[in-house]
Amino acid sequence: MSGIIGLPCNESARFSEFYASLCGLHLPLDWVIRPDKKTAVHPLIQCRFASLAHTLNVIADFFMKSGREWLFLTNDDHIYPPDTILRLLSHGKDYVTGLYLKKEMPFEPILYDKLDEFGRAVPKLLKPYESGLIPITASGDGCLLLHRRVLEAIPQPWWEMSDSENPD
């Protein structure tokens with residue numbers, strides 16, 4: 001059950017609390033954050049380009065070439081409980097995300113359960129006390145665990161630029 005942690009950074013890694021939570025994650029044995037002695041593959045890839053989509057594609061390409069099973073995508077402005085990856089893996093799903101909110105008002109969950117008439121993702125608004133696994137159409141990449149089967153089923157590029165990244 002080997003995996004890689006992918007960190008698409010913005011301008012820089014911004015928050016020491018994030019790195020403290022990253023270092024404190026409880027990981028399966030094959031996920032130790034150090035280079036693999038046999039393959040020299042490091043299970044943490046951090047990169048940054050002007051386009052988030054390009055950055056995510058570089059991380060995904062590195063992951064696919066690594067031969068590992070799981071990719072955990074994170075962002076440098078999140079703080080995770082130590083058991084985050086283990087809890088996500090315990091669901092036995094090929095695609096699972098943790099719950100986190102937008103950083104601007106109205107602080108909606110970064111979960112989407114349907115598309116509007118223009119093909120845009122509509123935020124999933126949680127009901128009071130709703131918990132556990134919830135079917136969704138899309139999510140953000142801030143706490144996303146993917147099995148390699150997901151990327152194998154999607155033609156490249158896996159991520160494309162949105163209107164907000166491509167103003168033309």
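The values are calculated or read from the model by the stated rules, or taken from the named source; none is laboratory data. All of these numbers come straight from a predicted model, not from anything done at the bench. Counting neighbours? That spans all protein chains shown, and the Cβs are built from the backbone with ideal geometry, glycine included. Heavy atoms of the whole protein, side chains included, go into the accessibility calculation; ligands, DNA and RNA do not. Shrake-Rupley method; radii C 1.70, N 1.55, O 1.52, S 1.80 Å.
Cβ-Cβ contacts under 8 Å between residues 6 or more apart (or on different chains), taken from a first residue in the stretch 55-71 that is within 11 Å of W158 (Cα to Cα) to a second residue that is open to solvent by less than 10 Å² (accessible area, probe 1.4 Å) and modelled with pLDDT of 90 or more, are listed as L56/L73; I59/L71; I59/L73; A60/L71; A60/L151.
Would you call L73 within 13 Å of the chain's Cα centre (by Cα) and on the phi < 0 side of the Ramachandran plot? Taking the combined requirement at face value, the residue satisfies it.
Give the stretch 96-122 a look and list any residue that's touching an Asp or Glu at 6+ places or on another chain (Cβ under 6 Å) and farther than 17 Å from N75 by Cβ, or say none. Write out each step before concluding.
Filtering the stretch 96-122 down to residues touching an Asp or Glu at 6+ places or on another chain (Cβ under 6 Å) leaves 102, 122.
Residue satisfying the conditions is V122 alone.
From the residues in the stretch 109-168 that are within 16 Å of the chain's Cα centre (by Cα) and open to solvent by 100 Å² or more (accessible area, probe 1.4 Å), which one is modelled with the highest pLDDT? Residue satisfying both the conditions and the ranking: R149.
If you take the residues of the stretch 12-34 that are modelled with pLDDT under 65 and closer than 24 Å to D61 by Cα, which of them is surrounded by the most Cβ atoms within 10 Å (Cβ to Cβ)? Talk me through it step by step, then tell me what you get.
Here is the first cut: in the stretch 12-34, the residues modelled with pLDDT under 65 are 12-14, 32-34.
In the following step, the residues that additionally are closer than 24 Å to D61 by Cα were identified as 12-13, 32-34.
On the way: S12: 8, A13: 15, V32: 12, I33: 13, R34: 8.
Here the residue is A13.
C9 passes every criterion in (1) out of contact with any Leu (no Cβ under 7 Å at 6 or more places or on another chain); (2) closer than 18 Å to G140 by Cα; (3) open to solvent by less than 20 Å² (accessible area, probe 1.4 Å); (4) modelled with pLDDT of 70 or more apart from (4). Note on the stretch 78-97: among residues that are touching a Gly at 6+ places or on another chain (Cβ under 8 Å) and in a loop (DSSP other than H, G, I, E, B), the one that is surrounded by the fewest Cβ atoms within 10 Å (Cβ to Cβ) is P82. Close Cβ contacts (under 9 Å, 6 or more residues apart or on different chains) running from residues in the stretch 129-156 that are among the charged types (D, E, K, R) to residues that are in a helix (DSSP H, G or I) comprise D141/L52; D141/L56; R148/F63; R148/M64; E152/M64.
Taken over the stretch 43-62, the criterion of being at pLDDT 90 or above and open to solvent by less than 20 Å² (accessible area, probe 1.4 Å) is satisfied by L56, A60.
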